Amino acid sequence: MSRTFLIPQSKAISRSGGASASLSIMTNAQKHRQYVEHAVAEHTFAHQRAAAHKTFSKFVAGSRAVVVAAEMQSGKSGIALALAGLQRLSLPDEQISSRKYLKDTLYLVTMADTALQEQAKQDLAPSKNVVVSNFTHFDTALKSEFKQAPPQLIIIDECHYGSSSDSVRYDKVFNYLENDNPECRVAFVSATPFSALYAAGADSILRHNFNTALVFHKTSDEYHGIRQMHKHNQIIKLDESHRDFCEESLLRKRFIRQFKEHEGAGWSLLRVPSSQAKLAQQILLEAGIAAEQIHIIGQKLVGLEDHELCSIDDFKREYETATLFDDKLIAITVAGFRAGVNFGQTMKETLINTWDSTIANIAAVVQANIGRACGYHQNTQAKHYTNLDAVRAYSELLEHLESKDDSSEFEGLQEVFERICERYEVRGFDRGTTIAPSVEYKVTKKLDDSSTYLTQRYLAVPGKLTEPDFDFSVYTDDQELLSAIGLIRQELLNDDGPYKKKGRALRGDHQNWIKAQWVNGATYDTATASSAKARALHFTALLDAGAAVEFNDIVNPGGGEKTADKKVMASIFSTYNLSAQMDAFKRAMDSEDMAEICEAFAIAHDDTLILLYQRGEFSQVLSDEKAQRGDEIRASRIRHSSVF
C-alpha cells in the first residue's frame, strides 16, 4: 500500500524536514509508521481507506466534526481502523516514538451493549492507539486510559442513536470537546445517520462551532446492498395486513416453499415478536420442516426452555456442520435481537430468504434482516420479505446523501427527509424525534443539573387496573413507592378508566416529585438504544449487577426540570397509553409487547407494567465533577414528541 495515501500531507512534510531530530528518533518513528501502515493495509479494504482519507482531509481543512454515512455492512469498523491509523501517522516523530502519546483515539459505542463493545475491541485490535468504550463510561475512559495525554480523535459509532434533544450523551462529549479538549476532533460513523443529520440545522449540536462536514462512504462495485437488492427484484413487499408470519397467508406459503425447494446447503432468517418464537417454530414443523433444521436465537423467550434456545455463535457452528451434509437451516430471531450482527461472507452467499414480522420504521428495516444480508457477495437470488416502502425511502435517502458527498451542505436535509418519508408513507428513524416547524422554534435551556444522585433501587409491578383495591404492599413496604404507584394508577383509572388516551400526565404540584414516562406503541421499541424498552432493560441490568447508576441519567430531565426535584422516576408500559402521532406505525402497545416486557421483568402478563426507580444518596464527587465541566445543556431545535 502506498504510504502517501495514509500519511496526511502536512505531517509527511514535517517528517522529511525534521533535520534537528536525532537519528534514533527518526529510526524509531519509521518503525512505528511502518507498523501502522502494515496493520491498516492488512485489515482494511481500499474503499474503506478512501473514506477514512476523505474524512481526515476534512479535519485538515478545518472541520472538527465529520459525519461519515456508510451503508449497512459496508465496513464501518474498517473505516474506523483506517481513521485511527491516519490519526497516529499524523503525529510528529517525537510523539509517535513516545509511548506517552500511543493512546490518542477514543472509539465510543453508542449502544450500551457489551457484546457490541467486545466486537469493536476485536475489530480495532490492530490499532494499538485506540481505546474502546461507550457513553456510559466516557468519563472513566478519559481518566483511566488517557492519563498521559488527552485523545486527539473521538470516533462515535451508530450516531443515529441519541440524537434527540433529551439525550445528554452527545452533550457530555461536546462539552468535553469545547471546554476541556479544544484540539480534539470527532467523527460520527453510521449506517443510518439520517436522524443525526436531520437535526443538523444551525442550532443543532452537530453544527455548534464545529464546522461539521459530510462524507458519504462510497462502496466498491462488488458491494451488494439494499439498493442493489431492490434493483435485482429481491425484495417482496410485506404490508401491515400480512406481515405477521404467524397468520396464514400466500406469502408465508411462498416463503416456506422457497426454503423447502432449495437444493444444497443454505439458510433462512425469520424475525418475529419475542412472544411468537414458539408459535413460529410450530408452524414450520407443521409445514414439514425437521426440528433439527430450526434454531431459535435468543434468551428467556415466552414458552421456551433455555435448552431450546441458542446463541448467534451456536447457530453459526450449526450452520457450518449442516454444510458438510448439504443441509439447510432456519434461524428464528426476535425483535430484541441486537443490531450490527454480521453473519459472515459465506452465510451471506448461501442465504435463501428472510422474513421480518417486526417491520416498523426505516431504521428497524435496514438494521434488521435485510441489513444483515448486505455486504460483498453476489447473492442475487435470496428473497427478502420486508417493508418495501421503507427500503425505497432508504434508497432515496442514500442517493441524496451520495449527491451531497464531499460538501458541508446540511441545509435543506430536513425538508428532503420529510418529503421522502411522506411520499412513501413510512416512519423515519428515531420515532420520538421531530423537528419543530420554523414558527415554533424555541430556545430553552435546561436548569443546572450538576447535583448528582445515585439510584437506590428499582421496582417493577403489574398495573392490576381491573382490581382498583389491589394491595401493592405485597411488592414493597416503601411508602414513597406505594404512593407513586397509587398516583399513577389514579391517572389510568380516572373518568371511569382505564381507556386508551394520549397526553397522559401527573398533574398538580403535589405530584411533581415523580417523573413519569407514559410508554406507548410509538416509543416502546424503536430499534434504538433510546427506546423505552432498551433504556429499561439497560438500567435495570446495571442495577442488578450492583453498578452505581446515576439517577440523573435515568430521569434525564427536560427543560425547566432538575433531578434534585424528583424522588421517583416511573416508566409506565400500558396498552392504554396512546401516541399523539396520528401517523405512528403503532400508536398503542399490543398484547405481544406487554407479554415481552412482563416476561423481561418476570411478572405475570398484565395490560400495564409500572417500572419505578427510586432516588438514592447524593454524590458530592460526581456533582463537583459536573460543576467543573460547566454542565449546561444548550438550546436545540429538536423537541421530543413522545408523551411524558
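The values are calculated or read from the model by the stated rules, or taken from the named source; none is laboratory data. The shown structure was predicted, so the numbers you read here are calculated from the model rather than taken from an experiment. Reconstructed Cβ throughout: ideal geometry from the backbone, glycine too, with neighbour counts over all protein chains shown.
Assess whether LEU301 counts as being closer than 27 Å to ALA364 by Cα, assigned by TED's automatic domain parsing to the domain that holds GLU247 and of a type in the set (A, V, I, L, M).
yes
When residues of the stretch 544-554 are filtered for being surrounded by fewer than 17 Cβ atoms within 10 Å (Cβ to Cβ) and assigned to a helix (DSSP H, G or I), how many remain?
Of the residues in the stretch 544-554, 1 are surrounded by fewer than 17 Cβ atoms within 10 Å (Cβ to Cβ) and assigned to a helix (DSSP H, G or I).
What's the number of the only condition in (1) acidic (Asp, Glu); (2) crowded, with 17+ Cβ neighbours inside 10 Å; (3) closer than 26 Å to ILE235 by Cα that GLU261 fails to meet?
Only one criterion in (1) acidic (Asp, Glu); (2) crowded, with 17+ Cβ neighbours inside 10 Å; (3) closer than 26 Å to ILE235 by Cα is unmet by GLU261, namely (2).
Run down SER275, SER268 and say which single residue is at negative phi, of a type in the set (Gly, Ala, Ser) and part of a strand (DSSP E or B).
SER268
Which of the residues that make up the stretch 342-388 are among the β-branched types (Val, Ile, Thr) and either closer than 23 Å to GLY78 by Cβ or not in a helix (DSSP H, G or I) (or both)?
Correct list: THR346, THR350, ILE352, THR354, THR358, ILE359, VAL366, ILE370, THR380, THR386.
Give all pairs with beta carbons closer than 8 Å in which a residue from the stretch 95-110 that is without any contact (Cβ under 8 Å) to a residue 60 or more places away in the chain meets a residue that is charged (D, E, K, R); count only pairs at least 6 apart in sequence or on separate chains.
Listed pairs, sorted by first residue: LEU102/LYS128; LYS103/GLU145; ASP104/ARG88; THR105/ARG88; LEU106/GLU145; TYR107/ASP157; VAL109/ASP157; VAL109/GLU158.
Can you tell which of PRO468, PRO557 is touching a strand residue (DSSP E or B) at 6+ places or on another chain (Cβ under 9 Å), part of a loop (DSSP other than H, G, I, E, B) and at pLDDT below 90?
Only one candidate passes the filter, namely PRO557.
Give just the number: which of (1) crowded, with 16+ Cβ neighbours inside 10 Å; (2) modelled with pLDDT of 65 or more; (3) aromatic (Phe, Trp, Tyr) does PHE429 not satisfy?
Single failed check for PHE429: (2).
Criterion first (under 26 Å from the mean Cα position of the chain (by Cα), in contact (Cβ under 8 Å) with a residue 12 or more places away in the chain, part of a loop (DSSP other than H, G, I, E, B) and surrounded by fewer than 23 Cβ atoms within 10 Å (Cβ to Cβ)) does ALA604 satisfy it?
no
For the stretch 300-319, indicate whether the set of residues that are in contact with a strand residue (DSSP E or B) (Cβ under 7 Å, 6 or more places away or on another chain), at pLDDT 95 or above and not in a helix (DSSP H, G or I) is non-empty.
no
Residues ASP471, ASP448: which one is charged (D, E, K, R), out of contact with any helix residue (DSSP H, G or I) (no Cβ under 9 Å at 6 or more places or on another chain) and surrounded by fewer than 16 Cβ atoms within 10 Å (Cβ to Cβ)?
Going through ASP471, ASP448 in turn, the sole match is ASP471.
If you check LEU285 against the conditions, is it surrounded by fewer than 19 Cβ atoms within 10 Å (Cβ to Cβ) and either touching a Ser or Thr at 6+ places or on another chain (Cβ under 7 Å) or modelled with pLDDT of 95 or more (or both)?
So LEU285 passes the test.
Residues in the stretch 148-188 that are at pLDDT below 90 and among the basic types (Lys, Arg): how many?
2
Among what's in the stretch 95-121 and is at pLDDT 90 or above and in a helix (DSSP H, G or I), pick the residue that is surrounded by the most Cβ atoms within 10 Å (Cβ to Cβ).
Restricting to residues being at pLDDT 90 or above and in a helix (DSSP H, G or I), the top hit is ILE96.
In the stretch 560-572, which residues are in a loop (DSSP other than H, G, I, E, B) and under 11 Å from GLN614 (Cβ atoms)?
Answer for the stretch 560-572, where residues must be in a loop (DSSP other than H, G, I, E, B) and under 11 Å from GLN614 (Cβ atoms): LYS566, LYS567.
Pick from the stretch 51-68 the residues that are over 25 Å from the mean Cα position of the chain (by Cα) and either of a type in the set (A, V, I, L, M) or crowded, with 22+ Cβ neighbours inside 10 Å (or both): which of them is nearest to LEU214 (Cα to Cα)?
Among them, the one singled out is LYS58.
Would you confirm, using the coordinates I've provided, whether GLU399 is more than 21 Å from the chain's Cα centre (by Cα) and either at pLDDT 75 or above or not in a helix (DSSP H, G or I) (or both)?
In short, yes.
Return the residues of the stretch 127-139 that are surrounded by fewer than 18 Cβ atoms within 10 Å (Cβ to Cβ) and at pLDDT 90 or above; say none if nothing qualifies.
Residue satisfying the conditions is LYS128 alone.
Give the stretch 450-491 a look and list any residue that's more than 36 Å from the chain's Cα centre (by Cα) and either under 17 Å from SER571 (Cβ atoms) or of a type in the set (A, V, I, L, M, F, W, C) (or both), or say none.
Those that are more than 36 Å from the chain's Cα centre (by Cα) and either under 17 Å from SER571 (Cβ atoms) or of a type in the set (A, V, I, L, M, F, W, C) (or both): PHE470, VAL474.
Restricting attention to the stretch 225-260, which residues are within 30 Å of ALA50 (Cβ to Cβ) and in contact with a helix residue (DSSP H, G or I) (Cβ under 8 Å, 6 or more places away or on another chain)?
Across the stretch 225-260, the qualifying residues are ILE226, ARG227, MET229, HIS230, ILE235.
Sort out which residues of the stretch 147-159 are surrounded by fewer than 16 Cβ atoms within 10 Å (Cβ to Cβ) and in contact (Cβ under 8 Å) with a residue 40 or more places away in the chain, and write them in order of number.
GLN148, ALA149
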